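The values are calculated or read from the model by the stated rules, or taken from the named source; none is laboratory data. Since the structure is predicted, the reported quantities are computational estimates derived from the model, not experimental observations. Cβ placement follows ideal geometry from the backbone for every residue including glycine, while neighbour counts extend to all protein chains displayed. Each accessible area value is taken on the protein alone, full model and side chains, heavy atoms only, with ligands, DNA and RNA left out. Shrake-Rupley method; radii C 1.70, N 1.55, O 1.52, S 1.80 Å.
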Amino acid sequence: MKSATLKFYKERLLRVLIYIQQQLDEPLTLKILAAQAHLSPYHFHRIFTGMIGESLHLHIRRLRLERSAMRLKYSQKPVIQIALEAGYETHEAFSRTFRNVFHSSPSQFRKQNRSIQIYSRSGIHYHPNHLLKNFKTQPKRKGIQMKVNLKTIQPLLVAFIRHTGPYSECGKAWDRLLTLLGKEGLIDSKTQFIGLCHDDPEITPPDKIRYDACVTVDKHFKPEGEIGVQTISGGNYAVLTHFGSYSKLNESYKKLIGTWIPRSGRELRSAPCFEIYLNSPENTEPEDLITDIYAPLT
């Protein structure tokens, strides 16, 4: 496939993937999604399957089922409510499909996964040296801080490159994103560097995990090729600042989502967690790295 043609299809498929993840509760017919890509339904389905590696139907079903698993793991919602939210008309149909994928019933899965361990990543962040000047200098802090702040934020418009695969390998996406945007002069002192974490690696197969390396942009930014644009939803968030190596981020996630949220009286909203990186691993010792973790709340 010629590079110009490949670029054309990547732009359209990325638009569809973002639409799917933001509209999982809505009907996602072939006709609707093909229209998002500005392609005929006949051609769109073949292109989607060939480039994504799974059919459109299986992709949507997998995302809904994995979201159900996360809700079983992190919420107190009844199983039947989670089943209905995933598009299943009966508890039996949901349980049968769930067991085929996760090899346990929804109730057993919930019981087995109350000990929360999520987003364990190591060495995933990378920022090219020529962009280091754009990170603000942050004060050094030692040890794990467990102060959780409640914040209400406005939506964030971001340019991003999607990484599909283990979190530990997403550095390549950062490399490409910052190099391409840096050449265009689109990285400055006001730019925020954000990691959007869509999947729980204990639920999603490693080769299907989705991570978006993101930087904030203004409304005039135009997506091109593998660089897309999306909006990180505004609203209420619980925010915990993680001090130290990225390899220990999972410890802070466990404290925030596994300990603080169940005791706070709040519930997680159906949106991905994200991380804002406040300094760079290229000029900062691992123990002095600072990352704000945002967990979306209802």
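Of all residues in segment 193-223, those satisfying the criterion of being exposed (fewer than 14 other Cβ atoms within 10 Å of the Cβ), touching a residue at least 12 places away in the same chain (Cβ under 8 Å) and over 15 Å from Tyr167 (Cβ atoms) are Asp218, Lys219. Of all the listed residues (Asp207, Asp175, Asp188, Asp212), the sole one being under 17 Å from Gln230 (Cα atoms) and not small (Gly, Ala, Ser) is Asp212. For the residues Ser75, Ser68, the requirement of being of a type in the set (Gly, Ala, Ser), open to solvent by less than 30 Å² (accessible area, probe 1.4 Å) and in contact with a Leu (Cβ under 8 Å, 6 or more places away or on another chain) singles out Ser75. Tell me yes or no: at least one residue of segment 11-26 is outside any helix (DSSP H, G or I) and touching a residue at least 24 places away in the same chain (Cβ under 8 Å). Yes, segment 11-26 has at least one match. Right, Ile257: touching a helix residue (DSSP H, G or I) at 6+ places or on another chain (Cβ under 7 Å), crowded, with 21+ Cβ neighbours inside 10 Å, of a type outside the set (S, T, N, Q) and assigned to a helix (DSSP H, G or I) or not? Criteria met by Ile257. Here Pro166 meets the list (1) modelled with pLDDT under 90; (2) within 23 Å of Gly182 (Cβ to Cβ); (3) not basic (Lys, Arg) almost entirely, failing just condition (2). Apart from one condition, Leu58 fits all of (1) crowded, with 18+ Cβ neighbours inside 10 Å; (2) hydrophobic (A, V, I, L, M, F, W, C); (3) free of Cβ contacts under 8 Å to residues at least 24 places away in the same chain; the exception is (1).
Among the candidates Thr241, Thr191, which residue alone is in contact with a strand residue (DSSP E or B) (Cβ under 8 Å, 6 or more places away or on another chain) and either closer than 30 Å to Arg71 by Cβ or small (Gly, Ala, Ser) (or both)? Step through it out loud before you land on a result.
Values: Thr191 fails: either closer than 30 Å to Arg71 by Cβ or small (Gly, Ala, Ser) (or both).
Result of the check over Thr241, Thr191: Thr241.
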